[in-house]
Amino acid sequence: MALPQVVVTVADTGALTVSVDGVPFDPPEGGRSWTRTTFGDLLDAITRDRHVPVRIEVRETDGTVFTDLVQASRGTAAKEPGPPDGEPQPQQAAGGVEQVEVVGEGFRAGEQVLVAVVIDAVHAGPDGKARAALAPARIEPANQVVLVGQLSGTMRTRRVG
């Protein structure tokens, strides 16, 4: 997965020229120009509607280049209290189908998290390889879910059902 690329070029005056994936990123209509003092506002504006981190490259006037990953903004909507982390919570989805919510902590804000349903476990052999031979009927009755962060490598396992 390629992260959005933000390039910020600093002028001698402190003004910033900004592009996101090669497309100019101008200040909001009626807003003042991007400057060193509005850098925080700039980062907020870039990450506001994103669900993934962005790669920021700042090019200073002396030729120095700084690169960092900036996490996407989190929504500010109030969260209703729910079950403690790790405890599945049944829910009704659209169409009346029951679903189970699985929550895990420790992921980077905005990173894509893979959801895997565990149907079996095997031991690695002496060669360090794990082999699983699955009958199609085994795939249906899963009772564990694994959440894997693609950027952080964070992995959380939760038992369901």
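The values are calculated or read from the model by the stated rules, or taken from the named source; none is laboratory data. Keep in mind that what you see is a predicted model, and the values were worked out from it rather than measured. Cβ atoms come from the backbone with ideal geometry, glycine included; neighbour counts cover every protein chain shown.
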Exercise. Output the residue which, of all residues in region 100-117 that are among the β-branched types (Val, Ile, Thr) and at pLDDT below 80, is surrounded by the most Cβ atoms within 10 Å (Cβ to Cβ).
Key: Val102
Quiz item: When Pro83 is evaluated against the numbered criteria (1) touching a strand residue (DSSP E or B) at 6+ places or on another chain (Cβ under 7 Å); (2) assigned to a loop (DSSP other than H, G, I, E, B); (3) modelled with pLDDT of 80 or more; (4) surrounded by fewer than 13 Cβ atoms within 10 Å (Cβ to Cβ), which criterion, by number, is the only one it fails?
Solution: (3)
Quiz item: Looking only at residues in region 25-68 that are aliphatic (A, V, I, L, M) and not in a helix (DSSP H, G or I), which one is farthest from the chain's Cα centre (by Cα)?
Solution: Val65
